[in-house]
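Data block below; observations after.
Every read-out reported here was derived from the displayed coordinates using simple, explicitly stated rules and does not represent laboratory data. Small disclaimer: the values here were computed from a predicted structure and weren't measured. Don't worry about glycine lacking a Cβ; one is built from the backbone with ideal geometry, like all the others, and counts go over all protein chains shown.
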Amino acid sequence: MNADFNQKNVAVGTFNETSVDEDVLVLTFKNDENTSQSVTKEIDSSFIQFHFGVKGTTNFVFNNGRYVLNIHEENSLLLYNPQRELPINLMVEPNSWIVSILISIKKFHGLFSQEADYISFLNDENKDKKYYKDGAISPSMAIVLNQLINYSLNNSIKNIYFKGKAYELLSLYFNRSEDADIEQCPFLVDETNVIKIRKAKDIVVSRMAEPPSLQELADEIGLNIKKLKEGFKQIYGDSVFSFLFDYKMEVARKLLETGENNVNEVGLKVGYSTSSHFIAAFKKKYGTTPKKYVMSLN
């Protein structure tokens with residue numbers, strides 16, 4: 001796949017760049033136009049790059065367009081190459097949003113305890129090796145990403161707000177259960193099982209108002225419950241129904257923001273038969289009621 005930045009229908013955009021700490025940058029870019037936009041930034045080899053596809057598709061372009069990595073909606077890309085500079089060169093497709101976090105390897109090391117040996121590029125033997133990883137964005141991460149890209153609070157608190165959200169995002173990215181070793185788990189070696197787990201996610205999302213039981217879900221995708229639970233936790237970092245709860249709350253938040261539905265209607269759309277149950281769930285997730293959340297937008 002090649003990318004030609006000289007095409008007339010490709011505009012040049014600029015990141016919204018926020019320095020939140022020493023050697024930590026948050027970059028956001030919203031392309032709400034009908035043409036592709038290219039955004040670039042020079043970055044030295046001491047930085048780890050995290051790119052999160054919030055909406056649409058963004059392409060990371062290497063070597064003047066000779067090689068391209070796609071970052072699709074709800075997916076992330078981690079890049080680190082201590083042996084050569086890796087300038088950011090993104091082609092952001094129409095109606096696509098991207099959030100990037102840049103952090104120096106020195107700063108990154110300081111964030112983690114010595115017990116975090118499951119993060120392979122923190123190991124001494126790997127510190128001089130390049131590293132690449134793509135993965136899915138969990139609903140919890142999606143909430144933080146949307147808060148970053150749709151920031152609308154007072155500019156005087158932007159840096160401290162972004163700092164908190166950047167570190168929250170990194171903690172969610174590297175979160176894993178004590179008994180799950182994602183790098184070595186033989187379950188994920190089987191691509192067929194990965195496809196089944198992703199199908200399970202699509203099923204619960206598409207039927208969020210009336211989701212199947214775990215047994216029904218396991219039967220539908222052709223896995224036993226144990227493998228379904230283990231695989232879902234490994235791929236999405238959460239149990240099936242915790243994932244679904246976060247997803248429903250994110251959908252509810254977006255529906256409330258449009259102003260097209262009242263609280264009762266939003267609750268019904270995401271699967272709550274009574275408004276009191278929906279209000280309680282929303283407050284559990286966001287610390288405020290749906291009504292107060294809508295009022296805060298105004």
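If the chain linking LYS158 and THR40 were pulled fully straight, counting 0.36 nm for each residue of separation and taking away their Cα-Cα distance, it would gain 40.2 nm. Extension gain for the segment SER104 to SER296, taken as residue separation times 0.36 nm less the Cα-Cα distance, is 65.5 nm to one decimal.
Evaluate E = 1/(1 + (r/R0)^6) for GLU33 and GLN83, where r is the Cβ-Cβ distance and R0 equals 45 Å; express this FRET efficiency to the nearest 0.05. The computed FRET efficiency comes out at 0.80.
Working value for segment 67-115: equivalent-ellipsoid semi-axes of 26, 15, 9 Å, each the square root of 5 times a Cα gyration tensor eigenvalue, largest first.
Hey, with R₀ at 22 Å, roughly what FRET efficiency would THR289 and ALA209 work out to, going by the Cβ-Cβ distance, to 0.05?
Working from the Cβ atoms, E equals 0.60.
Distances between every pair of Cα atoms in segment 190-271, grouped in 10 Å steps from 0 to the bin holding the largest one, split as 18, 46, 23, 11, 1 percent. When a/c reaches 1.5 or more, the comparison of a/b and b/c decides; with that in mind, is segment 220-268 rounded, prolate or oblate per its Cα gyration tensor? Note, shape of segment 220-268 comes out prolate. Fully extending the segment from VAL194 to TYR67, taken as 0.36 nm per residue of separation minus the present Cα-Cα distance, adds 43.1 nm.
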